[in-house]
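The values are calculated or read from the model by the stated rules, or taken from the named source; none is laboratory data. Note that the structure is predicted; figures quoted are calculated from it, not measured. Cβ coordinates were reconstructed from backbone atoms using ideal geometry, including for glycine residues, and neighbour counts include every protein chain displayed. Surface areas here come from the heavy atoms of the whole protein model, side chains and all, with no ligands, DNA or RNA. Shrake-Rupley method; radii C 1.70, N 1.55, O 1.52, S 1.80 Å.
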Amino acid sequence: MARSIHVRRPATLASLAAELGVSRTTVSNAYNRPDQLSPELRRRVLETARRLGYPGPDPVARSLRTRKAGAVGLLLTENLSYAFRDPAALGFLEGLALACEGAGQGLHLVPVNPEREDVAAVHRAGVDGFVVYSVPDDDPHLAAVLSRPVPTVIADQPHIEGVDRVGIDDGTAITELAKKLIALGHRRIGVVCMRLARDRNDGFAPVDRQQNAHFHVQRTRLGGLAAAFATVGVEWASVPVVERFDHSSAMGASAAAQLLDSDSQLTALICTSDILALGALAEARRRGLRVPQDLTVTGFDGIAEAERVGLTTVRQPVLEKGKAAGRLLLSPSERTRPRSITLETEFLTGTTAAAPRTAEERWFGP
């Protein structure tokens, strides 16, 4: 005769409470509100739970009951590795994580491929609110975020009416940089910029593409450069601007090569990020060009590696930007009107910018 096998049913909150002779609220408090119990009672609850195999309150059931996920969603329209590879993004992520830690909240990354639409990832994210990190104004994932009935904060871009935002004054920052180069005497310049739209373009960006860019940070920076150089008679349509879809130093190097191949008489390369500028510096070295004697190179962001090599750039407080975004989202204050935080930037002189060499210096110089 076959012997029956007794299978022990998993413990539940109710069975654990019955075993201990306490209320279910007491068991729940041992996990969720330990300050409500004496250390001895909490220790007894947890030890009995381990003995009976009780895994703790079901977080899914809890979120359904409280209608709170206990986490902030970060929408990043890049592959997940980008958040840990790009120094500016990493600094922002750290700042946001610190804000979440301070509020006792988790952080849920919602990365989406920039070349593939996957709004389902946004809709299925179990979060209490979103921070959107630097996306174009026509991004479908942004639209999906805004369709959800949860608070949202946008970092950098785009500007959306009625939505909280944290960022910098890109126009003022890039104008200050342009004025420094103009004062040095630069008129024959080339520009390396980050992607301007969701469609891939690894090449020259005509003026109409610049002016209609869906990434308004890049649009603003290019517009600021155009306005500044126009004051000294530089026709912006004559300035070569090369765009790169992927943001890496290798792309910065290839863009710099494209610019220098198109016009060997360029005296300065203005890059809209430090990552691209570091690539431009590498390309200059590969060609035997001395920086800044033969070629001025500038960046934007103020990442640690750029400062280490002495890049002339604009420093923006990416860590504080992440903290500010988190504070805006998690602030308990009434959201009667959209809030905006504009952080200060700082121009870093560096060692990669100097006056352009004259024709004679180019001929007789080393």
Problem set entry | Relative contact order for the chain, counting Cα pairs under 8 Å that sit 6 or more residues apart, in percent | 17 percent
For this session: With label points built 7 Å along Cα→Cβ from the Cα atoms of Arg339 and Glu176, find their separation and express it in nm.
Result: 2.5 nm
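Report, in deg cm²/dmol and to the nearest 500, the calculated mean residue ellipticity at 222 nm for the chain, where each DSSP H run with n ≥ 4 adds -39500 (n - 2.57) and the sum is divided by the residue count.
-12500 deg cm²/dmol
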For this session: Count the net charge of all other residues whose Cβ sits under 12 Å from the Cβ of Gly73, scoring Lys and Arg as +1 and Asp and Glu as -1.
Result: +1
Seminar exercise, completed: In whole percent, the fraction of accessible protein surface over the chain that belongs to carbon or sulfur atoms, probe radius 1.4 Å, stands at 52 percent
Seminar exercise, completed: Of 88-94, 251-257, 294-300, ordering from highest average Cβ density within 10 Å down gives 294-300, 251-257, 88-94
Exercise. Ser15 accessible area, nearest 10 Å², 1.4 Å probe?
Worked result: 50 Å²
Exercise. Which percent of Cα-Cα pairs in the chain sits in each 10 Å bin, short to long?
Worked result: 5, 21, 25, 18, 12, 8, 6, 4, 1, 0, 0
For this session: Determine the per residue accessible area of the chain with all protein chains present and a 1.4 angstrom probe, expressed in square angstrom.
Result: 50 Å²
